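The values are calculated or read from the model by the stated rules, or taken from the named source; none is laboratory data. The model shown is predicted, which means the values in this text are computed figures rather than measured ones. Glycine also receives a Cβ, built like all others from the backbone with ideal geometry; neighbour counts cover every protein chain displayed.
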């Protein structure tokens with residue numbers, strides 16, 4: 001007779017799968033045993049937490065990767081449209097930086113952008129701001 005284990009984790013009821021054997025390297029097992037001693041809980045609990053966190057990080061990396069692929073596609077489209085003369089590189093550079101800034105903002109990086117702008121000012125340069133450029137034209 002098999003036993004079903006249900007757990008309430010991360011705000012949702014989750015059903016545990018059937019147990020299985022897992023062979024690990026000795027150093028991995030030692031690490032998990034030390035975690036168990038330090039934080040309490042079983043090795044299985046720590047493995048499930050590590051797997052959950054890995055899945056979350058992988059999802060985040062996939063989203064960032066998709067954004068970078070989209071940026072690369074847009075840069076390729078820009079380079080096809082624009083004749084890359086000596087002055088043409090500046091437009092692509094600005095576009096790339098603006099796309100990276102948008103990516104940073106979408107991923108909660110507004111504070112990082114402000115820190116970079118402060119560093120640019122400290123070096124004696126003027127940071128690029130879309131609003132100021134639009135008003136001056």
Residues satisfying the stated conditions in segment 51-77, i.e. surrounded by 12 or more Cβ atoms within 10 Å (Cβ to Cβ) and farther than 30 Å from residue 91 by Cα: 52
One residue from 40, 87 being within 30 Å of residue 127 (Cβ to Cβ), surrounded by fewer than 10 Cβ atoms within 10 Å (Cβ to Cβ) and modelled with pLDDT under 90: 87
Number of the condition not met by residue 125 [criteria: (1) farther than 30 Å from residue 60 by Cβ; (2) in a loop (DSSP other than H, G, I, E, B); (3) modelled with pLDDT under 75]: (3)
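Sort out which residues of segment 12-26 are out of contact with any strand residue (DSSP E or B) (no Cβ under 9 Å at 6 or more places or on another chain) and not in a loop (DSSP other than H, G, I, E, B), and write them in order of number.
Initial filter on segment 12-26 (out of contact with any strand residue (DSSP E or B) (no Cβ under 9 Å at 6 or more places or on another chain)): 12, 17-26.
Result: 12, 26.
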Conditions: (1) farther than 18 Å from residue 97 by Cβ; (2) more than 23 Å from the chain's Cα centre (by Cα); (3) surrounded by 10 or more Cβ atoms within 10 Å (Cβ to Cβ). Residue 80 meets all but one. Number of the miss? (3)
